[in-house]
1. Mind listing whichever residues of the range 175-200 are surrounded by fewer than 21 Cβ atoms within 10 Å (Cβ to Cβ), free of Cβ contacts under 8 Å to residues at least 60 places away in the same chain and not aliphatic (A, V, I, L, M)?
2. Name, by its number, the condition in (1) touching a strand residue (DSSP E or B) at 6+ places or on another chain (Cβ under 6 Å); (2) surrounded by fewer than 19 Cβ atoms within 10 Å (Cβ to Cβ); (3) modelled with pLDDT of 95 or more that does not hold for SER4.
3. Got a sec? Which strands (runs of 3 or more DSSP E) wholly within the range 5-53 have at least 2 residues that are more than 15 Å from the chain's Cα centre (by Cα) and more than 21 Å from GLN247 (Cα to Cα)?
4. Tally time: how many residues in the range 206-240 are part of a helix (DSSP H, G or I) and charged (D, E, K, R)?
5. Scan the range 57-81 for residues that are open to solvent by 20 Å² or more (accessible area, probe 1.4 Å), outside any loop (DSSP other than H, G, I, E, B) and not charged (D, E, K, R) and report the count.
6. Consider only pairs whose beta carbons are under 8 Å apart and that are at least six residues apart or on different chains; among these, list those whose first residue lies in the range 57-77 and is under 20 Å from LEU173 (Cα atoms) and whose second residue is open to solvent by 70 Å² or more (accessible area, probe 1.4 Å) and not acidic (Asp, Glu).
7. Which condition number does VAL133 fail, the rest of (1) of a type in the set (A, V, I, L, M, F, W, C); (2) open to solvent by 10 Å² or more (accessible area, probe 1.4 Å); (3) more than 18 Å from the chain's Cα centre (by Cα) being met?
8. Looking at this structure, is GLU205 under 12 Å from the mean Cα position of the chain (by Cα), open to solvent by 20 Å² or more (accessible area, probe 1.4 Å) and not polar (S, T, N, Q)?
Amino acid sequence: MENSVKNQEAPILELRDVCVSYSPGKNAVENVNATVNENTITAIMGPSGCGKSTLLRAINRMHELYPDIKTTGEILLKGENIFDVNPMTVRRMAGMVFQRPNPFPTMSILENVIAGYSLNGIKLKKSEKEEIVEKSLRDVVLWDEVKDSINKKGTFLSGGQQQRLCIARALALKPEILLMDEPTSALDPISTNRVEELILELKKEYTILVVTHNMSQAARISDNSMFMYLGELVEYDSTRKMFTKPQNKRTEDYLTGVFS
């Protein structure tokens, strides 16, 4: 079944019969079909082990870093199948932010922001570096907090600041979409609130997919929601509609706490 949220515009992301397996004969993600529109926030929900993070990581070809993981189907980003594109290009187009803040511990704040360029062997002039670093940190509302400490290690920042630094690192490469795997689960409530506000602000420029266990977070920040269970995309609709009138009994059971 094709899952899509109605919109007249061409989608920025299309998933066609996407399957991911960690071992032969058993799929962790099973025939997912969905379209995602530009400048939207999509929450991917479901119980632990249902394939949420696995699906997210397939979108920027992270699974290819592990030889036993096999991904099949098509993933179209701006109309182009990502499996026909250099994986490093795909990872620049689809920025990734992980569950725990992970600034590179040996790098300064400045070096962390432009790490994607350094790791890809892309040379930048000093003026270009400074411009990218300032814009990226401003985009995550961190510039004023760190501009006088730009050459200090990123690890001296608080947890919430570190996560915003990691988001800045992803944005520095000017991605088309931003993939966020439970980006607030390791943060305190105040830091969580700041990151949620940031995600809503970033929607103006980026398309965002967020894996979350937190249903109230999905309700607060997302336009659309996917509900996954046992590797299957059970339901995909506007968040408002899914939370008020889910179409599938399994979705309703999850949202009402019958299972989690």
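The values are calculated or read from the model by the stated rules, or taken from the named source; none is laboratory data. These numbers were taken from a predicted model, which means no experiment stands behind them. Counting neighbours? That spans all protein chains shown, and the Cβs are built from the backbone with ideal geometry, glycine included. The accessibility values were calculated without ligands, DNA or RNA, using every heavy atom of the protein model including side chains. Shrake-Rupley method; radii C 1.70, N 1.55, O 1.52, S 1.80 Å.
1. Passing the criteria: ASP188, PRO189, SER191, THR192, ASN193, ARG194, GLU196, GLU197.
2. Exception for SER4: condition (3).
3. Values: elements: 13-23, 26-36, 41-45.
Passing ranges, in order: 13-23, 26-36.
4. Keep residues of the range 206-240 that are part of a helix (DSSP H, G or I), which gives 215-221, 239-240.
Then drop every residue that is not charged (D, E, K, R), which leaves 220, 240.
Of the residues in the range 206-240, 2 are part of a helix (DSSP H, G or I) and charged (D, E, K, R).
5. 6
6. From the range 57-77, the pairs are LEU76/ARG16.
7. Going through (1) of a type in the set (A, V, I, L, M, F, W, C); (2) open to solvent by 10 Å² or more (accessible area, probe 1.4 Å); (3) more than 18 Å from the chain's Cα centre (by Cα) one by one, VAL133 breaks only (2).
8. Working: under 12 Å from the mean Cα position of the chain (by Cα): no; open to solvent by 20 Å² or more (accessible area, probe 1.4 Å): yes; not polar (S, T, N, Q): yes.
Spelling it out, it is not the case that GLU205 is under 12 Å from the mean Cα position of the chain (by Cα), open to solvent by 20 Å² or more (accessible area, probe 1.4 Å) and not polar (S, T, N, Q).
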